Amino acid sequence: MSRTPTTLEAATADHGLPDRYTERSTVDRAELNEALSAAINRIDDSLEEFYDRFPSPSSQGLTYTATDNIDGWTASFWTGLCWLAYEVTGERRFRDAAETQLETFQRRLANGDVGTHDLGFLYTLSAVAGHRLIGNERYRSMALSAADLLVDRFLEAPGLIQAWGDHEATDDSWELGRMIVDTMMNLPLLFWASEETGESRYAAIAETHARTNAQHIVRPDGSTYHTFKCDVESGTPIGGETAQGYDADSCWSRGQTWAIYGYAIAADYADEGAYAQLSAKLANYYLSHLEDDSVPRWDFDAPAERDIRDTSAAAIAACGLDELARQLPLADDRVRGYRNAACTTLGSLAENYSTAGLDSNGLLTDGAYDTSDGDYDECCIWGDYFYVEGLVRATEHWSRYW
Ligand code: GLY
């Protein structure tokens, strides 16, 4: 099953928005409010345990252990949860925890543990959010340092930000010249840096990467590759592969949601209608392949008898669909459909996948970090973050951190 890549301009083939989402959502706002209160209480219960340490990326037996912010891509999701809890409750203890955690992000920059495209995840939910909420100049300068490091990973000839590994390697490693769909959610750091500094170069790199992603990672049917490698000297496309999905040509559902949300945000920063249309096409593929309870299997092409779900993908999708609805013109018929789909997803997560009543320090069951490592059916800290962001989006007037 080999599918030819598409371009941003030629992104036309479309699954359409499934009918079930064009009807009014039956999810009651009171239910979502209740789910948000329960989630904030759970964050409060964990505040002392983690404080300036961080929940492990995924749980074991639904329990996260405490880790240090020295490597990996997930520390900021805990900080983001603390900022959200601070915004919702106004309680100073959540802000104090987030600010204490910010010191570990400063140390990480100083220690150089930052050779990854994940700088966007790491410094948007910690430093950009901190700067947006309390105007701290030191947080602004940390986030700009992270943006500079992310820019360094941009490879001119293929027009992409290399995801993993040494981007200056002279031997041809697997990582060299490889982009991944997840990076779409690291671009907001660059768009923000351009807005803050007035320097267009950050946004120009973000836009180039977004277009290269549309060309090589997005397929004509609106599904996505997880990774795609290009020659770093000539820019010639080499081919797609997966790292966390079922196989090279399958569609890893979490990757699909990183792209839905990433293009919806790019549409806002770049004021580019084509990004919103591409986000909609990706969303239509995603919504057309969901299970009845609006939570996807971890990979849409994995054999059906292995019914492993990924609630973290559903939580990211809920935020991405809500953002997409905000980026489309109000008169667009799909706006209501994407809002309904976001609410229906959140309602299903709250009803069917909440850890309420279970012995757990996480929020959502059935996250799938990496099925090939046996890491599934657990809480994932980014899934918990996007679940709470989605609930905040659905119940409050909220300004994005991204
Ligand atoms: N960015 C890594 C993941 O989604 O698992």
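Where a number appears in this text, it was derived from the coordinates with a stated rule and is not lab data. All values derive from a computational prediction rather than experimental measurement. Glycine also receives a Cβ, built like all others from the backbone with ideal geometry; neighbour counts cover every protein chain displayed.
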*Relative contact order for the range 271-376 using alpha-carbon pairs under 8 Å, separation at least 6, rounded to a whole percent?*
26
*Restricting attention to the alpha-carbon atoms of the range 280-347, what are Rg (one decimal) and Dmax (integer), both in Å?*
12.4, 42
*Report Rg/Rh for the range 103-190, rounded to two decimals, where Rg is the Cα radius of gyration and Rh the Kirkwood radius.*
1.01
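Only Cα pairs under 8 Å and at least 6 apart count here; give the relative contact order of the chain as a rounded whole percent. Let's see the in-between values first.
Working: 804 pairs, mean separation 86.3, N = 402.
It comes to 21 percent, rounded to a whole number.
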_Where N is the number of residues in the range 73-124, Cα Rg divided by 2.2 N^0.38 Å_ = 1.19
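Assuming a viscosity of 0.890 mPa s and a temperature of 25 °C, what translational diffusion coefficient in µm² per second does Stokes-Einstein assign to the range 208-308, Rh being the Kirkwood radius over Cα pairs?
173
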*For residue 137 and residue 308, compute 0.36 nm times the residue count separating them, minus their Cα-Cα distance, and round to one decimal in nm.*
57.2 nm
*List 260, 205 from most exposed to least, where exposure is judged by having the fewest other Cβ atoms within 10 Å.*
205, 260
*For the range 128-168, just the Cα set please: Rg and Dmax, both in angstrom.*
13.4, 39
*So what is the calculated 222 nm ellipticity per residue for the chain, using -39500 (n - 2.57) for each DSSP H run with n of 4 or more, over all residues, to the nearest 500 deg cm²/dmol?*
-16000 deg cm²/dmol
*How many angstrom separate the Cα center of the range 319-378 from the Cα center of the range 150-206?*
28
_Per-selection Kirkwood Rh - the range 264-402 (Cα, Å, 1 d.p.)_ = 15.5
*How do 398, 298, 78 rank when sorted from fewest to most other Cβ atoms within 10 Å of their own Cβ?*
398, 298, 78
_Where only C-alpha atoms are counted, convex hull volume of the chain per residue in Å³_ = 131
*Cα pair count fraction exceeding 18 Å, expressed as % - the range 228-283*: 51
*Mind telling me which of 125, 328, 363 comes out most flexible in a GNM of the chain, alpha-carbon contacts under 10 Å?*
328
*Give or take rounding to whole Å, what are the principal axis extents of the alpha carbon atoms in the range 156-204, in descending order?*
37, 20, 15
*Can you put 230, 380, 82 in order of Cβ neighbours within 10 angstrom, beginning with the fewest?*
230, 82, 380
*Using every pair of alpha-carbon atoms in the range 115-269, split the distances into 5 Å bins beginning at 0 and state the percent of pairs per bin, rounded to integers.*
2, 10, 19, 22, 20, 14, 8, 4, 1, 0
_Calculated FRET efficiency for the pair residue 336/residue 65, C-beta based, R₀ 45 Å, to 0.05_ = 0.60
*Dividing the Cα radius of gyration by the Kirkwood radius, what Rg/Rh value follows for the range 42-138?*
0.95
*Looking at the P(r) of the range 210-258, how many percent of alpha-carbon pairs lie beyond 18 Å?*
24
